[in-house]
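Enquirer: Got a structure for you, written out below as structure tokens; questions coming shortly.
Here, each number is a calculation from the coordinates, and none is a lab measurement. Since this is a predicted model, take the numbers as computed values, not measurements. All Cβ positions, glycine included, derive from the backbone under ideal geometry; neighbour counts span all protein chains shown.
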Amino acid sequence: MFNDFKLLLSCEHAHNAVPSFARNLNIPCEILESHRGYDYGVYDIYKRLVKQEKPDFYCAGKYSRLFIDLNRSLWNHSVFSEFWDSIKDNQGDAKYFALRKRAFAYYLGYRNAVEEYVSTTAATTPVLHLAIHSFTPVLNGKERDADIGILFDPSRPQENMIANVIISEIHARAPELKVRKNFPYQGKSDGLCTALRKLTPHYAGFEIEFNQKLFG
């Protein structure tokens, strides 16, 4: 069934780097190296999928989500982390807004490229999007009971059907893994897939969430 789709692969939280022009954000190394800084383990999966599946379009973020979060809409308060507050407080509005302008340029370059691909392609061929992410095994002292989460919009029949196929394929290859739908987050929450669904009905988007304990 997937032969009818063009494949889009993305990895928004692939890296925890901060661009040289934004080092005055002063994000501590231990935070950048934690799950807050990036999605540990996903870049290797993304690279392997790109090599094996040869997607029609693929992209990965270059910088930490603590610089700017590519998987959040601009109206979402969490698109900019709390580390931005120190620039405005300590260095004034001019430097703050100059840096924000460069962050916006990076964000819009990424998001606009994906949106243009989806809009253009879906005019003739449906698009299947797999966004590769990971989650920390324990959050706020609570263990997250899944190995892989498949995030999608359950109100869209096609996404429901494809989610079942994805889960079946995972179980066929690794029956020991526990796979859950819309866990540990809801697929309809703010994110790149949610935004892309608004562009066209000929799009099916999934965040594939890997438990970081799988990476050792």
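Enquirer: Kindly list, by first and then second residue, each pair from a residue in the stretch 106-126 that is touching a residue at least 24 places away in the same chain (Cβ under 8 Å) to a residue that is hydrophobic (A, V, I, L, M, F, W, C) and part of a helix (DSSP H, G or I), limited to pairs with Cβ atoms under 6 Å and residues at least 6 apart or on different chains.
Expert: VAL118/LEU196
Enquirer: Suppose we filter the stretch 74-93 for residues that are under 22 Å from ASP39 (Cα atoms), hydrophobic (A, V, I, L, M, F, W, C) and surrounded by 14 or more Cβ atoms within 10 Å (Cβ to Cβ); how many remain?
Expert: 4
Enquirer: Could you grab me the full set of residues in the stretch 114-133 that are out of contact with any strand residue (DSSP E or B) (no Cβ under 6 Å at 6 or more places or on another chain) and crowded, with 19+ Cβ neighbours inside 10 Å?
Expert: VAL114, the sole residue that qualifies.
Enquirer: Looking at (1) under 30 Å from GLU33 (Cβ atoms); (2) touching a residue at least 40 places away in the same chain (Cβ under 8 Å), which is the only condition VAL138 fails?
Expert: Evaluating VAL138 over (1) under 30 Å from GLU33 (Cβ atoms); (2) touching a residue at least 40 places away in the same chain (Cβ under 8 Å) leaves (2) as the failure.
Enquirer: Out of the stretch 1-56, which residues are of a type in the set (S, T, N, Q) and either touching a Leu at 6+ places or on another chain (Cβ under 6 Å) or under 22 Å from TYR96 (Cα atoms) (or both)?
Expert: Once the filter is applied, which keeps residues that are of a type in the set (S, T, N, Q) and either touching a Leu at 6+ places or on another chain (Cβ under 6 Å) or under 22 Å from TYR96 (Cα atoms) (or both), the stretch 1-56 yields ASN16, SER20, ASN24, ASN26.
Enquirer: Does any residue of the stretch 74-85 turn out to be at positive phi and either touching a residue at least 12 places away in the same chain (Cβ under 8 Å) or within 14 Å of the chain's Cα centre (by Cα) (or both)? Full working, then the answer.
Expert: The initial filter retains those residues of the stretch 74-85 that are at positive phi, namely none.
Within the stretch 74-85 (the criterion being at positive phi and either touching a residue at least 12 places away in the same chain (Cβ under 8 Å) or within 14 Å of the chain's Cα centre (by Cα) (or both)), the answer is no, since none of the residues qualifies.
Residue by residue, here is whether (1) free of Cβ contacts under 8 Å to residues at least 40 places away in the same chain; (2) more than 18 Å from ILE132 (Cα to Cα); (3) buried (at least 17 other Cβ atoms within 10 Å of the Cβ); (4) over 17 Å from the mean Cα position of the chain (by Cα) holds:
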position: LYS6; (1), (2), (3), (4): no, no, yes, yes
position: HIS15; (1), (2), (3), (4): no, no, yes, no
position: CYS29; (1), (2), (3), (4): yes, yes, no, yes
position: PHE57; (1), (2), (3), (4): no, no, yes, no
position: LYS62; (1), (2), (3), (4): no, no, no, no
position: ARG72; (1), (2), (3), (4): no, no, yes, no
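Enquirer: Does the stretch 180-211 hold any residues that are surrounded by fewer than 18 Cβ atoms within 10 Å (Cβ to Cβ), closer than 26 Å to HIS35 by Cβ and of a type outside the set (Gly, Ala, Ser), and which are they?
Expert: Answer for the stretch 180-211, where residues must be surrounded by fewer than 18 Cβ atoms within 10 Å (Cβ to Cβ), closer than 26 Å to HIS35 by Cβ and of a type outside the set (Gly, Ala, Ser): ARG180, LYS181, PRO184, TYR185, GLN186, LYS188, ASP190.
Enquirer: Can I ask one more? Would you call THR200 farther than 22 Å from TYR46 by Cα and among the β-branched types (Val, Ile, Thr)?
Expert: For THR200, the condition - farther than 22 Å from TYR46 by Cα and among the β-branched types (Val, Ile, Thr) - is met.
Enquirer: What single numbered condition from (1) outside any loop (DSSP other than H, G, I, E, B); (2) crowded, with 18+ Cβ neighbours inside 10 Å; (3) within 15 Å of the chain's Cα centre (by Cα) fails to hold for ALA22?
Expert: (3)
Enquirer: Being of a type in the set (Val, Ile, Thr), in contact with a strand residue (DSSP E or B) (Cβ under 9 Å, 6 or more places away or on another chain) and at negative phi narrows it down to one residue among ILE27, ILE31, ILE68, ILE45; which is it? So that I can check it myself, show each step before the final result.
Expert: On the way: ILE27 fails: in contact with a strand residue (DSSP E or B) (Cβ under 9 Å, 6 or more places away or on another chain); ILE31 fails: in contact with a strand residue (DSSP E or B) (Cβ under 9 Å, 6 or more places away or on another chain); ILE68 fails: in contact with a strand residue (DSSP E or B) (Cβ under 9 Å, 6 or more places away or on another chain).
Step by step, each of ILE27, ILE31, ILE68, ILE45 is checked, and only ILE45 is of a type in the set (Val, Ile, Thr), in contact with a strand residue (DSSP E or B) (Cβ under 9 Å, 6 or more places away or on another chain) and at negative phi.
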